[in-house]
Amino acid sequence: SPEDLIGRGEREIRGVSEDSIEMAIEDARVFASGLTILHDEREVKRADGSVATLEVSKLPIRDENGCVIGLLGGFTDVTERKRLENQLSQAQKLESIGQLAAGIAHEINTPAQYVGDNTRFLRDEFRSLIEVLDNYSSSLDTTGPQLSWKDRSAKILSTLEEVGYEFLR
């Protein structure tokens, strides 16, 4: 809670741990170099043992001569933001996979549809050709009604026109 933190030093709050030793070394570097650390992310253990991601900033405090006399430090717990960023990243990956799958499905469906359409066309036109052959066959049949060559050829030409013979050729 804020009451547990305000007015207390880092070592007081955290005790001696690997995290606190690393931060003390970092503090010493800021004192020695006078450089500012802004928005540095790190993972630390909470009091309850869970891991938190903190965004840490440390600024040197200088006296009127420019000498570093103190350190102003602050942090923001960005654990939830990092969790949401990871979820968003996973969702984007899944979305990409979905788009890839849709593209693959399209690439498979297009040739399959082409084959299906052409198969139906061939089936229908084959029926038309059978009709023409049946007409020729009936024209050659001598057991049926006697037709003149003119009537027979007219019947065959009519069938050829009906089935679109020129188009089929």
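The values are calculated or read from the model by the stated rules, or taken from the named source; none is laboratory data. These numbers come from a predicted model, not from an experiment. Note that each Cβ is placed from the backbone with ideal geometry, even for glycine, and that neighbours are counted across all protein chains shown. Each accessible area value is taken on the protein alone, full model and side chains, heavy atoms only, with ligands, DNA and RNA left out. Shrake-Rupley method; radii C 1.70, N 1.55, O 1.52, S 1.80 Å.
If a/c stays under 1.5 just call it rounded; otherwise compare a/b with b/c (prolate if a/b is bigger, oblate if not). Do that for the stretch 57-157, with a ≥ b ≥ c from the square roots of the Cα gyration tensor eigenvalues. Here the stretch 57-157 falls in the prolate category. Working note: Karplus 6.51/-1.76/1.60 with θ = phi - 60° gives the stretch 129-144 the couplings 5, 4, 4, 5, 4, 4, 5, 4, 4, 5, 5, 8, 6, 8, 8, x Hz, where Gly and Pro are set to x.
Would you mind getting me the FRET efficiency between His39 and Asn65? Use the beta-carbon distance for r and R0 = 45 Å, nearest 0.05.
With R0 = 45 Å, the Cβ-Cβ based efficiency is 0.95.
Taking every Cα-Cα distance in the chain and sorting them into 10 Å bins starting at zero, the pair-distance distribution P(r) comes out as 8, 18, 13, 9, 7, 6, 6, 6, 7, 8, 7, 4, 1 percent.
With the simple spin-label model, which puts each label point 7 Å out from Cα in the Cβ direction, the Glu125 to Glu85 separation comes to 6.2 nm.
In straight-distance terms, cross-link reach from Lys155 covers every one of the aspartates and glutamates whose alpha-carbon lies under 13 Å from its own, apart from those fewer than eight places away in the same chain; here that gives Glu131, Asp134.
Just tell me which lysines come within less than 17 Å, Cα to Cα, of Lys82; anything on the same chain fewer than 8 places away is out. Qualifying lysines at Cα under 17 Å: Lys45, Lys93.
On a 1.4 Å probe surface of the protein chains, which of Arg169, Arg29 comes out largest in accessible area, and what is the full order? Kindly include the intermediate steps, with their values, before the conclusion.
On the way: Arg169 195, Arg29 155 Å².
Ranked from most to least accessible, the order is Arg169, Arg29.
Relative to the longest principal Cα axis of the chain, at what angle does helix 149-162 sit, 0 to 90 degrees, rounded to 10? Between the helix axis and the principal axis of the chain, the angle is about 10 degrees. For the stretch 23-85, the spherically averaged projection of the C-alpha convex hull amounts to 4.8 nm².
When the Cα positions of Ser1, Val30, Thr142 are compared along the charge dipole of the chain, Thr142 comes out farthest toward the positive end, with charges on each C-beta of Lys, Arg, Asp and Glu.
Provide the gained length on full extension for the span Glu166 to Asp77, in nm with one decimal, where the gain is 0.36 nm per separating residue minus the Cα-Cα distance. This chain segment gains 24.1 nm when fully extended. Solvent exposure of Phe75, expressed as accessible area, is near 120 Å², computed with a probe of 1.4 Å over the protein chains only. Put simply, the C-alpha atoms of the stretch 64-123 give a gyration tensor, and the ellipsoid matching it has half-axes of 63, 12, 4 Å, longest first. Hey, if you put +1 on the Cβ of every Lys and Arg and -1 on every Asp and Glu Cβ in the chain, which of Ala112, Ile21, Ala91 ends up farthest toward the positive end of that dipole? The one lying farthest along the dipole's positive direction is Ala112. For a label point 7 Å from the Cα of Thr53 along Cα→C-beta, name the residues of the stretch 70-110 whose backbone N is under 20 Å from it. From the stretch 70-110, the list is 74-95. For the stretch 103-169, the Kirkwood estimate of the hydrodynamic radius, built from every pair of different alpha carbons, is 14.4 Å. In order along the stretch 103-111, phi translates into HN-Hα couplings of x, 5, 4, 4, 5, 7, 5, 4, x Hz, rounded to whole numbers, per the Karplus curve 6.51 cos²θ - 1.76 cosθ + 1.60 with θ = phi - 60° and x for Gly and Pro. For the chain, the longest principal axis of the C-alpha atoms and the axis of helix 18-33 are separated by about 70°.
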